[in-house]
Amino acid sequence: MGNALHIVFSDLDGTLLDHHSYGWQPALPALTEIKSRNIPLVLVSSKTAAEMIVIRDQLGIDSPFIAENGSIVYHDMRDSPAATNSTLKLNDLKTTVFGKHRSEILKVLDELRTVFDYKFRGFSDLGTKGIADVTGLSLADAALANEREMSEPVQWEDSEARKTAFVQKLSEKGICAIQGGRFLSIQGQTDKSEAMKFVIKAYQQEWVGADLHTIALGDSPNDIKMLQLADIAVVVRNDATVQLEFDHPNLHFTQARGPQGWNDSVLSLISR
């Protein structure tokens, strides 16, 4: 891939993390290689910042990261673009907010459930134990998953026809619903690609004149816009979800699932 500078953007659940065990160890060879080459790895997930800080520390990376499906970017970029709404803080990192606060989202969800009797359960309904039961997370990890600032994952328990109407009513309120691997993420009208653009622009300002190229890896519908924005898009095999199909001039599909597929693809791409 020549002497160009690269950034890797990666989804977590079902992509860098195993869909069932949440382990990342099969990806260790590729993680070690990109670290040795000083290639930034930007984690992009529906997870909360509290969850992602733990994973980021385990992986030993200090790149910016994007939480709650593109709703918040945490970074320490010196010359980053102006923040749209920097009000949240975590470990002295700068925060740039793109979405709506959870309190606004929960208010709209409560209104729609009261008026139309939609059947769904959000993380705020489930609580820590309920989240642990439906995800397989430990109680401690489930508590971190519920430390939401800009989104509310919901488990849809109604018909598909009613789901379509529900999504339309959310849109009328300035809120969108994005399908992930397990849950419908209710959030402001933003997505992973908007936050990704912010990070790319920040690196362009830091690496003035660099020939910058991006690789993105994901496995779920909520990753499509991020994948489409990247120079190289990698769809990681995940039998738990529908196979993603979309137009892209440099699109790759992994043979192996989850972190093993992630590892094989990243090693192959950066060795070229």
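Values as computed for the structure displayed
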quantity: Single residue of Q189, Q179, Q204, Q168 found to be at pLDDT 95 or above and not hydrophobic (A, V, I, L, M, F, W, C); calculated: Q168
quantity: Among the residues listed as V154, V115, V97, the single one being open to solvent by less than 30 Å² (accessible area, probe 1.4 Å), at pLDDT 95 or above and out of contact with any His (no Cβ under 6 Å at 6 or more places or on another chain); calculated: V154
quantity: Some residue of the range 75-90 being assigned to a loop (DSSP other than H, G, I, E, B), of a type in the set (D, E) and modelled with pLDDT of 90 or more; calculated: no
quantity: Boolean, F253 is in contact with a helix residue (DSSP H, G or I) (Cβ under 6 Å, 6 or more places away or on another chain) and either open to solvent by 40 Å² or more (accessible area, probe 1.4 Å) or part of a loop (DSSP other than H, G, I, E, B) (or both); calculated: no
quantity: Single residue of the range 35-51 satisfying the filter (assigned to a loop (DSSP other than H, G, I, E, B) and under 10 Å from N146 (Cα atoms)) that is most open to solvent (accessible area, probe 1.4 Å); calculated: K47
quantity: Qualifying residue in the range 121-137 (condition: basic (K, R), surrounded by 18 or more Cβ atoms within 10 Å (Cβ to Cβ) and either in contact (Cβ under 8 Å) with a residue 12 or more places away in the chain or closer than 25 Å to H20 by Cβ (or both)); calculated: no
quantity: Top-ranked residue of the range 237-250 - restricted to ones that are within 14 Å of M226 (Cα to Cα) and under 19 Å from the mean Cα position of the chain (by Cα), ranked as modelled with the highest pLDDT; calculated: F246
quantity: So L227, is it modelled with pLDDT of 95 or more and of a type outside the set (D, E, K, R); calculated: yes
quantity: Pair list, Cβ under 7 Å, 6 or more apart: the range 102-114 residue in a helix (DSSP H, G or I), other residue open to solvent by 90 Å² or more (accessible area, probe 1.4 Å); calculated: V108/K173
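The values are calculated or read from the model by the stated rules, or taken from the named source; none is laboratory data. Computed from a prediction, not measured in an experiment: that's the story for all the values here. Counting neighbours? That spans all protein chains shown, and the Cβs are built from the backbone with ideal geometry, glycine included. Accessible surface areas use protein heavy atoms only, side chains included; no ligands, DNA or RNA. Shrake-Rupley method; radii C 1.70, N 1.55, O 1.52, S 1.80 Å.
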